[in-house]
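Right, one structure below, let's go through it.
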Amino acid sequence: MLIAGIFSDNPVKKMELATQVFRMFPFTSPDYGWEEISSDKNIIAFNCTRCHVAEYFKKFELGDVCYNTFCKLDFPLAEQWGGQLKRTGSIAGGAEKCDFRWIVNDKTGLVSETTKDKYQEHKAILEKDLAKQ
């Protein structure tokens, strides 16, 4: 987030830049696959469609270990970056993709009701997509 802070004072732009940087290094192709998702202005949304760490753990039937050690680190990272991470599924947990929804806090440090509503809309769409599979 230090690098992101150099380029912008806007919390949404900072979160967007920070998540773009970590998808370039170390979480880049071909070991990781990323899919951009359109979203509300306070939500940075993308899906991880391939994760070699989860694949490795799942090969040994240890997806839960991966999720509880590796994947859960994303949540405190989001808080450190001034937001919240909402995710309804993970590859390590058996989902087809990890749905990252980085919700940027407003100036009061709280997630606005509008942003919460938009997250619920995203969640409903994802759940509908998962039900079709």
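Overview of results
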quantity: Pick from the stretch 76-106, criterion free of Cβ contacts under 8 Å to residues at least 12 places away in the same chain and not charged (D, E, K, R), ranking: farthest from S8 (Cα to Cα); calculated: P76
quantity: Residue list for the stretch 83-119, restricted to those being at pLDDT below 90 and under 14 Å from the mean Cα position of the chain (by Cα); calculated: Y119
quantity: Matching entry among L17, L62, L2 (being among the aliphatic types (A, V, I, L, M), over 20 Å from R101 (Cβ atoms) and at pLDDT 90 or above); calculated: L62
quantity: Helices (runs of 4 or more DSSP H) contained entirely in the stretch 1-100, each with at least 2 residues that are over 30 Å from A131 (Cα atoms) and of a type in the set (A, V, I, L, M); calculated: 2-7, 11-24
quantity: Out of R23, R50, sole residue that is surrounded by 13 or more Cβ atoms within 10 Å (Cβ to Cβ), over 21 Å from V104 (Cα atoms) and of a type in the set (K, R); calculated: R50
quantity: Unique residue being of a type outside the set (A, V, I, L, M, F, W, C) and farther than 23 Å from S29 by Cβ when the list is G93, G82, G63; calculated: G82
quantity: Hey, F60 over 13 Å from the mean Cα position of the chain (by Cα) and exposed (fewer than 15 other Cβ atoms within 10 Å of the Cβ) or not; calculated: yes
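The values are calculated or read from the model by the stated rules, or taken from the named source; none is laboratory data. Everything numeric here is computed off the predicted structure, so don't read it as measured data. Reconstructed Cβ throughout: ideal geometry from the backbone, glycine too, with neighbour counts over all protein chains shown.
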